[in-house]
1. Can you give me the distance in nm between label points at residue B:263 and residue B:19, each placed 7 Å from the Cα along the Cα-to-Cβ direction?
2. Taking springs between alpha-carbon atoms closer than 10 angstrom, which of B:200, B:84, B:22 fluctuates most in the Gaussian network model of chain B?
3. Using only Cα atoms and rounding to the nearest 10 degrees, what angle (0 to 90) does helix B:64-89 make with the longest principal axis of chain B?
4. Going by how many other beta carbons lie within 10 Å of each one, how would you line up A:76, A:38, fewest first?
5. Using Cβ contacts closer than 10 Å as the measure, can you line up B:79, B:73 from fewest to most?
6. Round to the nearest 0.05 the FRET efficiency obtained for residue B:27 and residue A:124 when R0 = 56 Å and r is the Cβ-Cβ distance.
7. Over all alpha-carbon pairs in region B:3-56, figure out the percentage whose distance exceeds 13 Å.
8. Which residue, B:191, B:259, B:127, has the most motion in a Gaussian network model of chain B that connects Cα atoms within less than 10 Å?
């Protein structure tokens, strides 16, 4: 194939970012619920202007921050794998959820692009990682790696209530990513603005997923059962199975390994426990996050 | 010519209609037979996510260029659905997310089995299967583009024409991507050519025919492509397909019209004179 993004050294956009960043609308309907159409309408494109190239050049970035950026970029870029896993189940039938996913994927594409911009600024190769060769690990790990056929079969049996599990695990994943960006801003002052912007962008994703999760879990015992099962099995963050063991260990240590990180994992567990019927599994989720 | 993915992603945005005076549809509404076609088109656009799902079960999405395109393409098609829904809304036809859900629920077992079938096929055939998807996508985008431009011309409704031409302009870019991908992949592999030709010839049906009732498919095809002028456009689409490596002589779109008894001659659909025009 010609002109693969991965094979080119530096895209032209790295030096010519979009001049301004749009304000991030709250996407709140008059009744306080999340307005998916407003979110779609105000989805944010290129984030390269949020990359403070001057600060990066002046202060440089610690090696730890560069590695974290690369890992977060790879996770943002695994969107299509995530979409595939959701769309082969009944989740693809829900017009409101798919309307959300269309813009969610778009925003994540551009977040990955901005992180490419950071890596280029410090002279790192922007291309994605080589696919990781894996050995089969514990059950949850194997489940996280299962292909579309297994997912479609399981998803067809589980039916529509599986959407609750997808939005809830998606929600936990967004919280983890927000924690990771918060940590990135702490270890690299030059990336503070970028990290804050991404946390704010993700807050809209959080609001949609939280609203969907709460409603669906409250509505159905079957949804609660499926969600508890999925939360127990999940490997965090979603997409981590595509990272090397070294990178996964580094991510867990850097984001959740400090005292503040452990407190952050505790907060995720506390908030998750406020959702209907999943309280029992919340401590397991927190325990999985910390190294 | 290779498709410039960076240029495409940087320029990708929702089709704009805020500057178009939709109130015009209240003063000069579209006739019911046209609204029926628009409704079909709107459903097709919103259902792009189902087609994306099938693409994602093949090895193609792991390539950065393909992944980048799919993200933008899916979003642009979603916005085509929104734009058409806005026009339908001006005629008292509401297309909301809950209704889309009920359409998708009606898809039933075929829809459930599709990703499994596609993955298994993709797994068995491997990389060559991506060529099938790309050629299939190219045919769909060529015919969608022809449909929008035809409708813009047929209806003689200035406001509608502006919107449809904007949608058509985005479809042209989608055509460019799919066709360049298909061309390259087919040129590289004889096996991909044989497989693609077989699948297109045996299984291709008009865009939307898997999610809509046959009566609707027939109405839309007849409305847009009946008669000499419409047939000529469809022959043009077929001639584009036939230029792809290994696809010489394929006439799949024309055959789909013949199968539905759509007239190849005569004037085709002629809109009634507009009152307010």
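Read-outs: derived from the displayed coordinates by stated rules, not from any lab. Everything numeric in this text was worked out from a predicted model, so none of it was measured. Heads up, the Cβs are rebuilt from the backbone with ideal geometry, glycines too, and the neighbour counts pull from every protein chain shown.
1. 4.0 nm
2. In this elastic network of chain B, the residue with the biggest mean-square fluctuation among B:200, B:84, B:22 is B:22.
3. Computed tilt is about 20 degrees.
4. Details: A:76 21, A:38 15.
So the residues, fewest neighbours to most, are A:38, A:76.
5. Details: B:79 21, B:73 24.
If I rank by nearby Cβ atoms, fewest first, I get B:79, B:73.
6. On the way: r = 58 Å, r/R0 = 1.04.
Given R0 = 56 Å and the Cβ-Cβ separation, E is 0.45.
7. Numbers: 1096 of 1431 pairs.
Value for region B:3-56 (Cα pairs over 13 Å): 77 percent.
8. B:259
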